[in-house]
Amino acid sequence: MTCSEARQYIFAFLDNELDSALSLEVQQHIEHCALCARECEIEKIVRRQLAAKLKEAQALPEFDESALVRLLRSEPGALGRMSRTTRRYWKLGTAGALAAVLVLAASLFVVNSARKAQGVSLADVLVEDFDHFVTEAKPLQIVSADAKEVSEWLRERTALAVSVPSVDPAMASLMGGRKCKINGKPAAFAVYRIGNEMASLVALHESDEALVHMNRVERNGHTHWVDHCRGHTVLACRRGELIYAVISRLPEESLYALMQRTEG
Ligand SMILES: [Zn+2]
């Protein structure tokens, strides 16, 4: 199951509306995917808040319609931005609608601050992408051990000035590449085999802000950023406008060699 499929089913999953096979699939995806697990957690938080507010609202003496109108006028996009849960309560009628309006601002705030606090990092996203590549056996779009050929192919399709490092065949072998999207932006993805492990090298156009969650490491006069996430190492560096990141189950020591060659 892909992330987008899982996201599609999360609400029905939490509502116990899925058949058992599908429910199990979603459950298994969430157990292995930190990003979808977070989405699920956030939705649970919203639901808990909503349930608490509904309880409070039931104790209110009467429904203040003008407050509802004021809120909707001041927030024209508010209805569209409500979570599906909020919309569902909305349908319950005036008492539900009042409660939904009361919690709307609160739940949007909770979702936003939960997202910020959890700070889905670049490393998370890269590991997620790498995992999907490996577990879903996504095909390479160019199969070649020729770094120059893979670089040219990727430059043409991603419009990124990417240079895929050629490696000492005794150390690793280049398998090929594909273009992908990271955070909605085109990225270049090259795959290496190092011993029995895979390593991907992703080049993407990102600001330094994307690296702030990672540990800064100075090594041989170069700055690297390192992070570990779900059994994977992410080692990144900046080369001009691009960030290069190597993702692998191997420890970072085994990945520096690949990184240094991006300097060429
Ligand atoms: Zn997922």
task: Could you order peptides 198-208, 216-226 by the average number of other Cβ atoms within 10 Å of their residues, highest first?
output: 198-208, 216-226
- prompt: Extension gain residue 3-residue 215, at 0.36 nm per residue separation less the Cα-Cα distance, in nm?
  reply: 73.6 nm
field: Computed FRET value (nearest 0.05) for residue 173 with residue 141, which takes r as the C-beta separation and R₀ as 22 Å
entry: 0.80
query: How would you order 144-154, 245-255, 14-24 from highest to lowest mean count of nearby Cβ atoms within 10 Å?
result: 245-255, 144-154, 14-24
- prompt: Under unit Cβ charges (Lys, Arg +1; Asp, Glu -1), what dipole magnitude, rounded to 20 debye, does the range 147-229 have relative to its Cα centre?
  reply: 280 debye
task: Just need the relative contact order of the range 122-263 here, percent rounded to a whole number, with Cα pairs under 8 Å and 6+ apart.
output: 21 percent
message: Please rank 1, 259, fewest neighbouring Cβ atoms within 10 Å first, as an exposure proxy.
response: 1, 259
statement: Residue separation between residue 181 and residue 228 times 0.36 nm, minus their alpha-carbon distance, gives in nm 14.8 nm
field: Two-site FRET efficiency, residue 27 against residue 51, from Cβ-Cβ distance with R₀ of 25 Å, rounded to 0.05
entry: 0.65
statement: Using alpha carbon centers only, the range 123-186 is separated from the range 191-254 by a whole-angstrom value of 14 Å
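Every read-out reported here was derived from the displayed coordinates using simple, explicitly stated rules and does not represent laboratory data. What you see is a predicted model; the values in this text were computed from it and never measured. Using ideal geometry, Cβ is built from the backbone for each residue, glycine included, and neighbour counts are taken over all protein chains shown.
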